[in-house]
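To start, the structure under review is shown below, and the notes come after it.
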Amino acid sequence: MDTHLLEPTDARSATERRATYRERILERLAYDVGVAPHRATPRDWFMATALVARDRVIDRLRAVAAEDARAQGKEVCYLSLEFLIGRLLSDTLGNLGMREDMRAALDGLGVDLSAIAETEPDAALGNGGLGRLAACFMESMASTGIRAFGYGIRYEHGLFRQLVVDGSQQEAPEDWLSSANPWEFERHDLAFDVCFGGQVEAEGDRQVWRPSETVRAVAYDTPIVGWRGRRVNILRLWSARAIDPLRLADFNSGDHIGAFADRLRAEAISQVLYPGDDSAAGRELRLRQEYFFVSASMQDLLRRVKRRWGRVQALPQAAAVQMNDTHPALAVPELMRLLVDVEKLSWDEAWSLTTRTLSYTNHTLLPEALETWAVPLMSRLLPRHMAIIYEINAQLLREAAAKGGDNQLLARVSMIDEHDRRRVRMANLAFAGSYRVNGVSALHTELMRRTIFADLDHVRPGRIVNKTNGVTFRRWLQNANPGLTAVLREVLGAAILDDPDRLVGLVPQAGHKELQARFRAQRQEAKVALAKLIAQRTGVSVDPAALFDVHIKRVHEYKRQTLNILHAVAAYQAILAQPDADWVPRVKIFAGKAAAGYRKAKQMIRLAHDVGARINRDPLVRDRLKIVWLPNYNVSLAEAIIPAADLSEQISTAGMEASGTGNMKLALNGALTIGTLDGANVEISERVGLDNIFIWGMTADQVLARKARGLDATNDVAHSVVLGDVLEAVASGVFSPEEPSRYRTFVDQLIYDDPFMVLADFEAYLAAQEAVERRWRDPEGWWRSAILNTAHMAWFSSDRTVREYASEVWHVPS
């Protein structure tokens, strides 16, 4: 029985509801999909089912819109370059209480709901945690009753579809829109002109921008339904169109390709997420993307404010705009341009409205990840905005000087980095234009105050707050793990679906053998399913009884997949040295994409593949150690992996992971964390208790101290026989015999120039992994810890997070 759904609100009997759904599915199949039942493919049945579900969503959306029209409330506008929403059918049916009725209706037609749901492509609108957080927030805002719009770009081909060929990542276009998307509505009536280039001219006391290029932004709306249908909010994504589809004169004169040049240039904006920025053209396209969606979104916002409130001066009362990282930071000068140039407000009035409307979430402390743009590029592409940035910066520098700032402080707070061939610092711009700036974990926020924003906090104190991230339990527990959800409902009652705080009721039962057995049984079922998927996608056979050691996240040096791979080599060498010893069987499961131009991250994937290839075929190892890399990591793959995870790898260099949300999803589902004191690991450890998590390694302060002493890890290697042997095996070509020198430079960089300090933390990581194996050998202790992890994760719900934003940042009801 599918026990993790609410009771349906439809007053008719289950038989009547299911008959009605069956009828409507057949109607949609005939009139919208255009096929007869006996010819319908699983994809056809999915489309018909989704359209029936969408009808219910629209009914609720219309009711919500009517309620909103009666109450002139404040709304949230959430600006994000990514929204990693995944598949929507399961979420929608679950939140509307339709799943069991729809399953039964389809059963009566000889169709399996789970099978057709698998044909829905993941929406390719994001890459990692940033986009998934935005998706969780959209669902939670609808579930908690917060009136909200999400704004982003409707990418035709997303980031990329990851292929792993002979161990190397290759990128192919995503084709998620190759078939019709049943969830979106194209809004021809909502289109805005977005301009680029040209020049700025003075007309009296006003500056007039005369652009040289105009692109049309067309809205596509996806309704996002909340739990029990409390609200339906809109995710509005912009698609780029040329003003004219072709230059007809050029086409008729024989230039059949050149006639489409303007169209191709315009539509490139919404083709691909994060186009490669190794070239000048790639960097320009990224900046065009960021301005394109910000400009369309701010124009749309002001349209609604004037329609609902009658005057643009009501903006801070009408809306709170949240910038998710620095990608939307151009909202600061764009809102100023619209208010000053279009609405004809004075600079001071416009600045007051802007800085009472905008707030900014920072997601990184890494200097290379803090976005900057070359001044010449910004001046050429957005000349009016560059002039506005200069004016905002001059105002900021005057404030800094008035507070006694010397030239060094002024240089640090300036939005223009004069030491790096003159670049615009987008984080400084976002900070200056926001009334609140938040970090996403307690540690991250404290480090923000002490490091990247220390000077800005001195000049404009009181703006920095913390809002620790969260995840939606509907997606990551109820939908992803129905087996565990069934156990929780039976043990804690159905109210657990509405009130995650009730999870704490597991605590007094954590030592009970019956509950431990049930936790273990549902985990084993998920592991069997994942083992089948691994075999299908990689050809590697794994033992579901082994410890499933999971490392799933974007591939980056600071996330230290390399450290995990080196541990695999150490474990392999230990097995070879003592093949008859009683080893804990372990499957290391990796998944994640490397940015297309990130060569080092791609080499990490190749190393994992090479190490796995040797280990997996070594007859001495057998099933005691396996290494797999599941390609094309996305939301749906995460939903398959997370319920099956025993161990959660959260091993970033301390002080470099802002928060993480994978750590929350895995712990919620009962995986034990092996992690550094970084990001939200700190808060997870405080809640689950240090006895139920494996914390190890340098702290953020120790990392800074180590960096000050130098990055040379020669002494770390010299004092660890295991580490020395591991590095020698990798560097000498044991895992790449066809190219023995493949990893020589890679190893040298780890020893002599690794700012992420993999080798400095190796021995502590090795000791923590030994502690993991000791706990695994104690099943009662392991499953008690697993239960206590789930029991103490309620605070990490994104419902809690958005309620905190609502009360302390946005000032809206929830």
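The values are calculated or read from the model by the stated rules, or taken from the named source; none is laboratory data. Predicted model only: the values in this text are computed from it and were never measured. Virtual Cβ from ideal backbone geometry, glycine too; neighbours counted across all protein chains shown. Protein only, heavy atoms only, side chains kept; ligands, DNA and RNA dropped before computing areas. Shrake-Rupley method; radii C 1.70, N 1.55, O 1.52, S 1.80 Å.
Taking the Cα centre as origin and putting +1 on Lys and Arg beta-carbons and -1 on Asp and Glu beta-carbons, what dipole magnitude results for region 690-787, to the nearest 20 debye? Each step should come with its number before you reach the end.
On the way: 9 positive and 17 negative charges, 47 e Å.
Dipole magnitude for region 690-787 comes out near 220 debye.
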Computed E for H458/D250 - FRET, C-beta separation, R0 51 angstrom, nearest 0.05: 0.35
Along the Cα→Cβ direction, 7 angstrom out, place labels at E738 and R265. What is the inter-label distance in nm? 4.4 nm
Given axes a ≥ b ≥ c from the Cα gyration tensor, I'd like to know whether region 175-259 is rounded (a/c under 1.5), prolate (a/b larger than b/c) or oblate. oblate
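Given K74/K344; K593/K707; K467/K665; K600/K665, which pairs have Cα atoms separated by over 20 Å?
From K74/K344; K593/K707; K467/K665; K600/K665, over 20 Å: K74/K344; K593/K707; K600/K665.
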Once the whole set of protein chains is in place, how much accessible area is left on H567, using a 1.4 Å probe, in Å² to the nearest 10? 10 Å²
Ranking P737, S797, V726 by how far each Cα lies towards the positive end of the charge dipole of region 660-814 (+1 on Lys and Arg Cβ, -1 on Asp and Glu Cβ), the top one is S797
Cα centroid separation - region 331-402 against region 50-68, whole Å: 38 Å
Taking the alpha-carbon distance from K306 and a cut-off under 15 Å, which aspartates and glutamates remain once sequence neighbours fewer than 8 residues away in the same chain are dropped? E75, E343
At 1.4 Å probe size, with no ligands or nucleic acids counted, give the accessible surface of L607 in Å², nearest ten. 0 Å²
Cα centroid of region 125-144 to Cα centroid of region 442-514, whole Å: 14 Å
Starting from 0 in steps of 10 Å, tell me what percent of the Cα-Cα pairs of the chain lands in each bin. 2, 13, 22, 25, 20, 12, 4, 1, 0
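Mind ranking H444, H363, H719 by accessible surface for me, highest first, 1.4 Å probe?
The residues order as H719, H363, H444, largest area first.
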Between the DSSP loop rule and a limit of at most 10 other Cβ atoms within 10 Å, which GluC sites (Glu not before Pro) in region 388-423 are left? E418
Ellipticity estimate at 222 nm from DSSP helix runs (n ≥ 4, -39,500 (n - 2.57)) divided over the chain, nearest 500: -14000 deg cm²/dmol
For the chain, what is the charge dipole size about the Cα centre, in debye to the nearest 20, if Lys and Arg each add +1 at the Cβ and Asp and Glu each add -1 at the Cβ? 1340 debye
With a cap of 11 neighbouring Cβ atoms within 10 Å, and only residues DSSP puts in a loop, list the trypsin sites (Lys or Arg not before Pro) found in region 269-314. R311
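With a 1.4 Å probe and all protein chains kept in place, how do L79, L109 rank by accessible area, largest first?
Working: L79 0, L109 50 Å².
Correct descending sequence by accessible area is L109, L79.
Step by step: find N for region 667-758, compute 2.2 N^0.38 Å, then divide the Cα radius of gyration by it. What's the final number? Spell out each step's value before the answer.
Details: Rg = 16.9 Å, N = 92, 2.2 N^0.38 = 12.3 Å.
Expressed relative to 2.2 N^0.38 Å, the Cα Rg reads 1.38.
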Rounded to whole Å and sorted largest first, list the principal axis extents of the Cα atoms in region 6-73. 50, 26, 18
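Counting other Cβ atoms within 10 Å of each Cβ, which GluC sites (Glu not before Pro) in region 683-778 have at most 12 and sit in a DSSP loop?
Details: sites: E683, E686, E728, E738, E763, E770, E773; in loops: E738.
For GluC sites (Glu not before Pro) across region 683-778 that sit outside H, G, I, E and B with at most 12 neighbouring Cβ atoms in 10 Å, the list reads E738.
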Which percent of the Cα-Cα distances in region 458-555 go past 16 Å? 70 percent
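What do you get when you divide the Cα radius of gyration of region 233-293 by 2.2 N^0.38 Å, with N the number of residues?
1.34
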